[in-house]
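The structure appears below as C-alpha cells.
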Amino acid sequence: MSFSLTPENETKFEHLRTRYPSLRALMLPVLWMVQEQEGWVSSEAMEYLAQKLSITPTEVYSVASFYTMFHFKPIGTHHIQVCKTLSCMLGGSESILAYLEKTLGITCGQTTPDGRFTLTQVECLGACGGAPCVCIDTTYYESVSEATLSALLEELRS
Amino acid sequence: MRCSLISRLFSIPGAHTLDIAKANGRYGSLPRLFSLTPEAVTEEVVKSGLRGKGGGGSPTGEKWLLMPPLDDKPRYLVVNADESEPGTFKDRQILEYDPHLLIEGMIASAYALHVKHAYVYIRGEYHFWAARFETALKEAYGAGLLGKRLDITLHRGAGAYICGEKTALLESLEGKRGHPRLKPHTKEPEWLFGHPAVVNNVETIASVPYIIEHGFEAYRAFGTPQSPGTMLFGLSGHVTNPGIYELAFGTSMQWFLDEIGGGVKEGKALKAIVPGGSSCSILKGQHIPNVTLDYESLKCSNSTLGTGGMIIMDETVSIPKAMKNLLEFYHHESCGQCTPCREGTGWMDRILAKVLNGRGKRSDIDLLLEISMTMNGKTICVFAPAVADMAVSYIHAFPEEFYALCPS
Ligand code: SF4
C-alpha cells in the first residue's frame, strides 16, 4: 500500500510551506491533512510525511503519538467522544457513558461490529458550561441527555 | 459588576462576520493605534496594568518589554488558544462570537512588538472554533486588514493539555513533541524558530483594543489597583446558570454565584468551589463570602484566580471522588519528561483508587501528602507543583472525608 496526498492537499501543503520558516513545523498541519483525508494515519502515510519533511519516519511517529487525536488504526464511521472531566462528571457524564455503552453494545474504546461507531472517553473538551458534553465526529453536543443522544444516534444510523 | 469591554458583541447576532463586527465598532482602535509609535503602544499597555488571562496573571506590558532591540531578524507573536484547563471555556466565546476582536488585538500587539508574522495555536478539539476563526481571517485578508503589515497563521494542536504551557506550545508549533522547556533564571523573551517571541492568551490580546481605543486610564477605571480591568469568568458544575460572564476584578464571589449564577442548582447547599480552573486549590463553601474575584484576594485565601473558570460543587459531591477525577486527568496529561510528575501523578491516582474502593489505610492519606511534597519544586514545569498543591488542598480542606474511607 502506498500513500500520497490528494492534489488539493498538495496545493495546501505548498501554501503552508510559505507560512513557516521550517519544514518540520508543518508536522501537525500535515498530520491533520492525512487524518482528514484517510480517517487515520497509517505507517505508509508517516513514511511519506517523513520524506516530505526531511526527517525519519520514527521522528514522525514519535511526535504523532504524543498527541491523543491521531488514530493509528482505522476507527468507525462516527467517533463518539464522551468528556469525563470534573464539570462533566458533576453534570452526569458517567450515566451518559453507561447509556451509550448499553445502547451501542460496546465498551469504551471499542467499535461496533458494523463499523459504524467508535466510542471513547476523553479528558476535558472545554465545554464545562454545557456539561455533560459529547463530541460526535467534529461537532460538540452540550447539555446532552439520554433522550437527545438517542435522537442523535437515530439520525446517524439512518 | 457586569462589564462589557470584551463581551460587548457576544449577544449581537452575526457579530462574528466582518460587516456586522465593523458596524459595531470593531477595528475602531486602528486609527489611534497607527497615530502612536509602537513604543507608545507598549507604554499604554504597561500603564494599563493588563495581566495575562491564561492563568498566570503576569503583567502583559512587562512581557512585551523583554523583546530585544529591533534588528532585521524575525520576531513572533503567538496567541495561546489551547484552552484545556478543566473548568475553562472562555476563549472559545471570543473565537465564536467575536473573532475579529482577536484579530484587532493581534494587529495592535504585533504593531507594538514589530511583529510581521503571528500564530494562533488552537486546541485540536476546537474544530468549530478553528473554522470560525479561519473564516474571520479570510475576511480580514480580503478587506486588506491583514497581509501588508501582518500575517496570521492558525495552527491546530492535536489533543495535549500540556501544550497550553507556553514553552510546550512553542515546541509543538515547531513540529516536536509538546515538552515544556527548561527555563533560564533571568527574564527573557520566549524563542520560536530561534527568534524572540511573545506568547499571550486569547483574552489578553482581546483586551488590547479597548486599551488602545480608550486609553489606559479607561481600562484602569475597572477592577482594583493591582488587578485592573475585567475578566471573563466562568461558572460550571452545580450552578443554576452556567456560562461565561464578564466582570470587573474585585467583584464579590458570593454575589457572582448568587446573583448572576442563580445560586447552587436545585437550592442545594454549597460545599466547595474550585476558583479558576482545576489546578487551583479548592475553597470550602463557608469561605466564599470573604472572597473577591481578583488575584490578591484569591491568594490570601490560599488559592489562585487562574483562568477565572469556577467549578461549583454542591453538598452531594464526594471530595475524594472529585480529586480522583482530576488526578486521572493530570496523570493522563503529564508530558512524561520528569519522573516525579510522570510517576507521581499515576501513583497518587492508584492510591486514591484503592481508598475509594474501601481498601485504603489511614497511612495512604499521609502517603498522598508525602508524594505531593516529592513532586513540588522538582520538575521542569509547574504542572507537577500545581497537581501537588491541588491534591494537598483537597485533603486539608476535607480530611474527614478521606479518613472516613479508610477502615484501618
Ligand atoms: S512537570 Fe510534568 S508536565 Fe511539566 S515537564 Fe515535567 S513531566 Fe512534563
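The values are calculated or read from the model by the stated rules, or taken from the named source; none is laboratory data. Worth saying up front: this structure is predicted, and the values here are computed from it rather than measured. Using ideal geometry, Cβ is built from the backbone for each residue, glycine included, and neighbour counts are taken over all protein chains shown. Surface accessibility is based on the protein's heavy atoms, side chains included, excluding ligands, DNA and RNA. Shrake-Rupley method; radii C 1.70, N 1.55, O 1.52, S 1.80 Å.
Here are a few things to note about the model shown:
- B:Phe216 vs. criteria of a type outside the set (S, T, N, Q) and away from every other protein chain (no Cβ under 12 Å): yes
- Those residues of region A:39-83 which are within 13 Å of chain B (Cβ to nearest Cβ), of a type outside the set (A, V, I, L, M, F, W, C) and in contact with a Gly (Cβ under 7 Å, 6 or more places away or on another chain), in sequence order: A:Tyr67, A:Thr68
- Hits in region A:9-53 - residues which are within 19 Å of B:Glu171 (Cβ to Cβ) and out of contact with any helix residue (DSSP H, G or I) (no Cβ under 8 Å at 6 or more places or on another chain): A:Arg19, A:Pro21, A:Ser22, A:Trp32
- Looking only at region B:368-388, and only at residues there that are open to solvent by 60 Å² or more (accessible area, probe 1.4 Å), of a type outside the set (S, T, N, Q) and within 13 Å of the ligand (Cβ to nearest atom), the one that is modelled with the highest pLDDT: B:Val382
- Residue within region B:344-366 that is within 14 Å of chain A (Cβ to nearest Cβ) and within 16 Å of the ligand (Cβ to nearest atom) present: yes
- Listed by first and then second residue, the pairs with beta-carbon distance under 6 Å, at least 6 apart or on different chains, first residue in region B:139-161 and free of Cβ contacts under 8 Å to residues at least 12 places away in the same chain, second open to solvent by 10 Å² or more (accessible area, probe 1.4 Å) and in a helix (DSSP H, G or I), are B:Gly147/B:Tyr141.
- Whether a residue is charged (D, E, K, R), within 11 Å of another protein chain (Cβ to nearest Cβ) and open to solvent by 30 Å² or more (accessible area, probe 1.4 Å) was assessed, and A:Glu36 passes this test.
- Wholly enclosed helices (runs of 4 or more DSSP H) of region A:6-104 bearing at least 1 residues under 30 Å from B:Val264 (Cβ atoms): A:86-90, A:93-104
- Only one of the listed residues (B:Glu134, B:Glu171) is in contact with a Gly (Cβ under 8 Å, 6 or more places away or on another chain) and within 13 Å of chain A (Cβ to nearest Cβ). That residue is B:Glu171.
- Residue check for B:Cys338: away from chain A (no Cβ under 14 Å), touching a residue at least 24 places away in the same chain (Cβ under 8 Å) and of a type outside the set (Ser, Thr, Tyr): yes
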